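Reviewing the structure listed below.
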Amino acid sequence: MTTKTTLTTGVPNMERALCLLFRAGGERFAIRAADVQKVTPAGQLSRLPLLPPALLGITQLRGRVVTVVDAAALLSAGRCLHTVDARLLILERPVRHLGLLVDAVDEIESLRLPTDLSQLARAGRRALRIAQHKGRALPLVDVAALVDQANSLIE
């Protein structure tokens, strides 16, 4: 569910969208809820040899093989902890199913998002944009860019 609006601050080209707020590597991020097919406990992962650190392995979900990546490593936020709160955000993609391992999912909220996702992110985090959450900036995952990063690790 997305609605376009102009903020009272005079900033045009903003929209509201439902987003999942999650933690990865000690930082808080947002991702559009529409980009996430399912949230599931992390469970067991099968580690494959010679993988880059951000590529954690594979798991099975309802008979489908899901490639699992460390969201924190891809977002330059360190490493995710595989604790009891860890979750997989399942992104159903045309070529392969991708699971993002995150430390925890906090909540779902309607956030103000830029409609122009070509805006550059700070600190070299190519898969991040900036959303507004309670008047503050919050890193927003650009799923297309994140999937491109993950695919470069897999291929």
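Here are some notes:
- Search result, residues across the stretch 124-136 that are modelled with pLDDT under 50 and surrounded by 10 or more Cβ atoms within 10 Å (Cβ to Cβ): R125
- Tabulated pairs, the stretch 101-119, first under 17 Å from L91 (Cα atoms) and modelled with pLDDT of 90 or more, second of a type in the set (D, E) and surrounded by fewer than 16 Cβ atoms within 10 Å (Cβ to Cβ), C-beta under 8 angstrom, 6+ apart or interchain: D103/D85; A104/D85
- Selection status of A77, assigned to a loop (DSSP other than H, G, I, E, B) and in contact with a strand residue (DSSP E or B) (Cβ under 6 Å, 6 or more places away or on another chain): yes
- Residue in the stretch 15-50 that is surrounded by the most Cβ atoms within 10 Å (Cβ to Cβ), counting only those that are under 21 Å from S152 (Cα atoms) and in contact with a strand residue (DSSP E or B) (Cβ under 7 Å, 6 or more places away or on another chain): A24
The values are calculated or read from the model by the stated rules, or taken from the named source; none is laboratory data. Every value quoted in this text rests on a predicted model; they were computed, and no experiment measured them. Because the Cβ atoms are built from the backbone with ideal geometry, glycine has one as well, and the counts that use them run over all protein chains shown.
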